[in-house]
Structures are given as structure tokens and as C-alpha cells.
Amino acid sequence: MRGAVAGAGTVIVGGGTAGCVLAARLSADPEHTVCLLEAGPVWGSAAELPADLRLAGRMPIGPESPWVWRYPVRLADGPVRGNIVRGRVIGGSGAINGGYFVRALATDFAAWGRECPEWAFEAVLPGYQQIERDLDYGEFPGHGSSGPIPVRRAVDPVPVSVEFATAALAAGFPEIPDLNALPEAIPETGVGPVPCNVDSGMRAGSATEYLLPALTRPNLTVHGSTMVTRIRFRGTRAVGVDYVRDGQSGTIAADRIVLCAGAVESAALLLRSGVGPPEQLRTLGIPVVGPAPVGAWCTDHPEIGIDYRGAATPVADTVALEYSLFLDDVEIRPYAVRFGPDPKVRRLGVALMRPHSAGELRLVSADPRVPPSIEYRYLAAEYDRERFRAAVGVATELLRAIPGAAVPDQQPDNSWLRANLGTSQHLSGTCRMGPAFDESAVVDQRFRVHGLTGLAVADLSVVPVPLSRGPQATVLMIAEQAGRLLERV
Ligand SMILES: Cc1cc2nc3c(=O)[nH]c(=O)nc-3n(C[C@H](O)[C@H](O)[C@H](O)COP(=O)(O)OP(=O)(O)OC[C@H]3O[C@@H](n4cnc5c(N)ncnc54)[C@H](O)[C@@H]3O)c2cc1C
């Protein structure tokens with residue numbers, strides 16, 4: 001290959017939440033050469049990370065942040081537009097996120113594992129256990145006490161969280177002390193403290209806890225500020241990647257390439273490289289290497305924000321969310337942080353965790369600098385609109401029960417829902433997992449792209465069902481599974 005850097009065993013594209021775990025797990029075998037390519041900056045140790053990335057009370061995603069990718073999106077039909085961000089830094093979105101670290105439910109894996117037995121709940125539980133060092137429940141059944149990621153619930157929650165939890169308990173919702181407990185201890189509805197991957201106020205993500213401690217290994221190379229632009233193929237075998245670093249382009253040969261670039265960029269990279277719906281690729285002048293339903297389905301957690309005035313001042317220096325109330329497929333989030341300039345205005349998030357509406361990601365240009373189009377199609381299904389209307393009703397009643405809270409009168413009709421619509425920033429499923437006969441599947445249950453060799457995807461893109469909880473803990477579990485299931489090269 002012309003201009004190629006010496007070939008590595010496995011090249012991992014993207015040093016984000018999943019990529020850092022996978023690089024650490026694969027390189028634990030000294031016989032296995034691993035090269036990790038990350039578009040954003042990389043530091044040599046956790047101590048060198050800027051405070052905005054370390055302090056869990058900060059989410060550095062504002063307009064001035066140098067650590068994010070930004071994408072315009074269409075949330076719903078008509079002009080309901082929005083923007084999403086993703087981490088562009090070692091640790092990826094996990095390095096800039098809210099620190100909520102809750103496992104998906106056994107029912108999610110019942111659906112996922114139907115055609116993919118490696119993904120039944122019993123099969124993934126050891127992966128969840130392996131990740132964590134649960135500082136509250138580590139010795140309890142189903143938990144881990146010696147994994148790299150410390151997990152802890154708020155010790156001294158702020159008044160906003162306490163008032164909401166008190167109102168929910170008074171309204172008769174049961175308490176769920178441990179949201180990561182085994183299935184039999186998690187009722188469909190209930191309120192509980194949010195497990196967070198935070199220790200002593202510091203974010204503990206996959207970069208700081210998995211990758212950076214492994215940097216001394218001679219078989220692991222990490223390149224920051226290196227954006228992969230295309231996968232190279234020989235026939236249907238992936239043989240390397242093209243990249244740009246400091247304005248210079250180059251190529252790295254590989255025995256196997258694993259995409260961990262996240263649900264937006266893993267899909268975009270496949271499409272740009274000729275793996276995707278043939279018609280879409282031909283329209284953009286991209287030669288088809290392998291037909292695949294990349295981007296044809298995706299899901300996220302649509303969220304309605306209810307702003308209200310309260311007596312207590314929300315505290316800025318805490319994790320965003322300390323308590324959550326679950327009503328089966330709805331999560332109600334009393335945010336502990338401020339969203340606007342007025343210190344008395346608080347926000348309650350109402351999120352649909354298993355929406356029936358699904359979205360689509362499409363490439364609009366073969367140029368890697370042009371972001372793909374993301375159509376969420378939120379609220380398209382009547383079921384979703386009805387669920388939101390009911391959940392906003394429950395949320396408003398609870399707020400009214402909080403002493404001193406002033407809640408605006410609202411009619412959650414369709415136009416109100418659209419006006420207050422946002423997203424939880426949990427996009428997943430653009431490269432769905434499933435068996436070869438499943439026409440919606442891009443990868444098999446061991447992450448390998450159907451119909452091609454030497455190419456796998458292991459990040460949030462592969463999840464084939466909506467997850468009933470925020471995805472971060474599950475992404476780490478996915479990467480742990482990948483460390484176990486990917487064959488050695
Ligand atoms: C603002 C925000 C807050 C969130 N809060 C929470 C939360 O509190 N709890 C929760 O459960 N979930 C949360 N999420 C979601 C969760 O953090 C992500 O879904 C999860 O981290 C995704 O992991 P990933 O490995 O799939 O992708 P990422 O972690 O996004 O990693 C992808 C990596 O690939 C790199 N990359 C992409 N393209 C290329 C390329 N072409 N070449 C080289 N490198 C590339 C990126 O720079 C990035 O580092 C949040 C997300 C956001 C954006």
C-alpha cells in the first residue's frame with residue numbers, strides 16, 4: 001500500500017467510551033498489536049487532563065468547547081431542528097457527559113438476545129460486573145467490587161433532588177435504592193438515586209480508568225488528533241485506513257479494523273467507504289464495496305423539558321442528575337444543575353426510553369468534512385405522543401406537590417410537545433446487530449460486518465433495540481464483550 005505506515009494487528013478507530021476499553025482489553029495480550037486512532041486530543045495521564053474534563057460537575061459542551069463534534073439534526077417533521085454534540089477527545093462522549101451510569105434492563109436484553117444469544121441478560125451480566133467497582137453495592141449479588149470504574153450514588157444530594165424524590169415517594173412510587181440491582185429488585189416504576197461513574201467529584205471514564213494506565217505497553221500505540229477518513233478494501237477484505245493528521249494524509253495497514261467512532265461517525269465512515277445502501281452511495285458517487293443497511297434505523301431518547309420556578313437554588317457544582325423516577329418506559333429527571341441564567345428556574349426532563357418512532361442517518365456528501373443528515377422523526381408514532389402526554393401530566397402533578405414550586409399551566413398537545421422537544425443525546429443503532437438473515441442487521445453478534453472480512457463495529461451503533469436506560473454503562477459493557485468475543489488476529 002503506497003504511503004502506508006507499518007501494519008498493526010488491530011487498528012481501532014475512535015478512542016471514545018468503547019474504544020478506550022477495547023484498546024486496553026486487547027492489548028493486555030502482549031502478542032496482540034493494537035493501534036488506536038483518535039480524532040481529538042490525547043494526554044499521557046489522567047493528571048494532565050484539563051479540569052473541565054475531569055470535574056464531574058462540568059459538562060464542557062458549550063459553543064466555545066474545543067472537545068466536541070457538532071451536528072445539526074431534525075428532531076421531528078417540519079422545522080423542529082436541534083443540535084447534538086459528541087465528544088471529540090480521548091474518552092469520547094464519556095469524557096464530557098453527565099456521569100449517569102445505569103445498566104440497561106433485563107427486558108432490553110430479552111429482545112436483543114432473541115436472535116443473538118451472546119446478548120441474553122445472563123451472558124452480558126459478567127461484562128457489567130467486570131467494569132465496575134461499585135462503592136455502595138459492590139458486595140451485593142450481580143455487582144462488581146474490583147473493576148476499573150468507580151460507581152457511587154449521591155451522598156449528600158442537593159435540595160432539588162431531595163424535594164423531588166420526597167414528592168415521588170409521598171405520591172406512592174416505591175423507592176429503588178439500587179438502579180443497577182439484579183432484575184428482581186427493580187420494579188417497573190419507582191424512584192432512586194442515580195449511580196454515577198464519579199469519585200471525589202472526578203469523572204472516571206474509560207480513558208482515565210482503562211486506556212491511560214495501559215499506555216506503557218509496548219504493543220499499544222495511541223495517535224491523537226488523527227481523523228480517519230476512509231476504510232481501504234482489497235475486494236471485500238478491509239486492509240487499512242486513510243487518515244489526516246495536522247493537515248497531512250496517510251494510510252495505516254491493518255489485519256483487522258474495529259470502528260469505535262460512535263453512532264454517528266462509525267456509520268458515516270462505513271458509508272463513505274462504500275458500505276451502505278447501494279442507491280444512497282451511488283447518488284454520491286461512492287463505489288459500493290458491500291451493500292448494508294447502515295444508518296437505515298436509529299433511536300435515541302426524546303426528551304421534553306418542563307421549566308418551573310422553585311424555592312431552592314439549584315447547585316451548579318454537582319452531577320447533572322442525582323435522582324430519577326421511572327414509570328416503565330418513561331424516565332423523569334429532576335435536573336440538579338441550571339440550564340439558564342435565572343438561578344430559580346429549574347428543569348424537569350421527561351424522556352421516552354422505548355420510543356416507537358425511529359430515525360435515519362444518511363450521508364449527504366462523500367467529503368469527510370460534511371456531517372451526515374440525522375432525521376430523528378420523534379413523535380411520529382401516536383404511541384409516543386400519548387406516552388408523553390400522560391407522563392407530562394404525572395410530572396406536573398409531582399411538581400405541584402413540591403412546596404414553593406411554581407409550575408406553568410400547560411396543555412401537552414402536539415404543538416406544545418413539539419415546542420418543548422429535545423433529545424437526551426443517546427443516539428444508537430445506526431449499525432444494528434443481528435443474524436445474516438435479518439435485513440436490518442449490519443454486524444453479527446460478534447461485531448463483524450456481514451459480508452466483509454477484517455472489519456468490525458463495537459460501540460453504541462450496534463445496539464439493535466431502544467435501551468430503557470441511558471447508554472453509557474452499556475457501551476462499556478459492549479466493549480468488554482468485544483474484548484472477549486472478537487477473534488484474535
Ligand atoms: C453531552 C452528552 C451527555 C451525555 N450524558 C450521558 C450520561 O450522563 N449517561 C449516559 O448513560 N449517557 C450519556 N451520554 C451518552 C453517552 O455518553 C454516549 O452514548 C457514549 O459515550 C457513546 O460511546 P461510543 O463509544 O459509542 O462513542 P463516543 O464515546 O462518542 O466515542 C467516539 C470516539 O470516536 C472518535 N472519532 C469519531 N470519528 C472518528 C474518526 N473518523 N477518526 C478518529 N476518531 C474518530 C471521537 O472523537 C470519539 O472520541 C451523553 C452524551 C452526550 C453527548
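Using 0.36 nm times the number of residues separating Ser365 and Ala185, minus their current alpha carbon distance, what extension gain do you get? All intermediate terms of the calculation are to be shown ahead of the outcome.
Numbers: separation 180, 0.36 × 180 = 64.80 nm, distance 4.84 nm.
The span from Ser365 to Ala185 would gain 60.0 nm if fully extended.
Can you give me the % of accessible surface on region 411-461 that is carbon or sulfur? Probe 1.4 Å, all protein chains present, nothing else counted. If you can, show how the numbers build up before the last one.
Numbers: 880 of 1960 Å².
Looking at region 411-461 in its full context, I get 45 percent from C and S.
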Next item on the list: Run the numbers on region 4-485 and let me know its relative contact order in percent, using alpha-carbon pairs under 8 Å that are six or more apart.
Entry: 22 percent
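Of the accessible area of region 45-104, with the probe set at 1.4 angstrom, what percent is carbon plus sulfur? The partial results should precede the final answer.
Details: 1390 of 2500 Å².
The computed percentage sits at 56.
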Item checked: Axial C-alpha extent at least 18 Å, average Kyte-Doolittle at least 0.0 - helices from the chain (DSSP) -> 472-485
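In region 209-368, what percent of the accessible surface is made up of carbon and sulfur (1.4 Å probe, ligands and nucleic acids excluded)? Please report the intermediate quantities before stating the final value.
Values: 2850 of 5820 Å².
Within region 209-368, the accessible surface is 49 percent carbon and sulfur.
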Note to self: Give me the 1.4 Å probe accessible area per residue for region 4-485, excluding ligands and nucleic acids, in Å².
What the structure shows: 37 Å²
Next item on the list: Check each of the GluC sites (Glu not before Pro) in region 81-166 and keep only those in coil by DSSP with at most 16 other C-beta atoms within 10 angstrom; list them in order.
Entry: Glu115, Glu139
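Could you order peptides 283-291, 456-464 by the average number of other Cβ atoms within 10 Å of their residues, highest first?
Working: 283-291: 15.1, 456-464: 29.0.
Order by mean packing, descending: 456-464, 283-291.
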Next item on the list: Go through Tyr308, Ala320, Val239 and say which Cα lies farthest out towards the positive end of the charge dipole of region 211-338; charges sit on Cβ, +1 for Lys and Arg, -1 for Asp and Glu.
Entry: Val239
Item checked: Positive dipole terminus of the chain, leading residue within Ile96, Pro213, Leu270 (C-beta point charges) -> Leu270
Item checked: Amide H contacts of Ile84 (H built 1.01 Å from N, under 5 Å, at least 5 apart or other chain) -> Tyr71, Val73
Margin query: Counting only helical runs of four or more DSSP H residues, what would the 222 nm mean residue ellipticity of the chain come to if each run contributes -39,500 (n - 2.57) and the total is spread over all its residues?
Written below: -6000 deg cm²/dmol
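The values are calculated or read from the model by the stated rules, or taken from the named source; none is laboratory data. These numbers were taken from a predicted model, which means no experiment stands behind them. Cβ sites come from the backbone with ideal geometry, for glycine too, and all protein chains shown count toward neighbours. Protein only, heavy atoms only, side chains kept; ligands, DNA and RNA dropped before computing areas. Shrake-Rupley method; radii C 1.70, N 1.55, O 1.52, S 1.80 Å.
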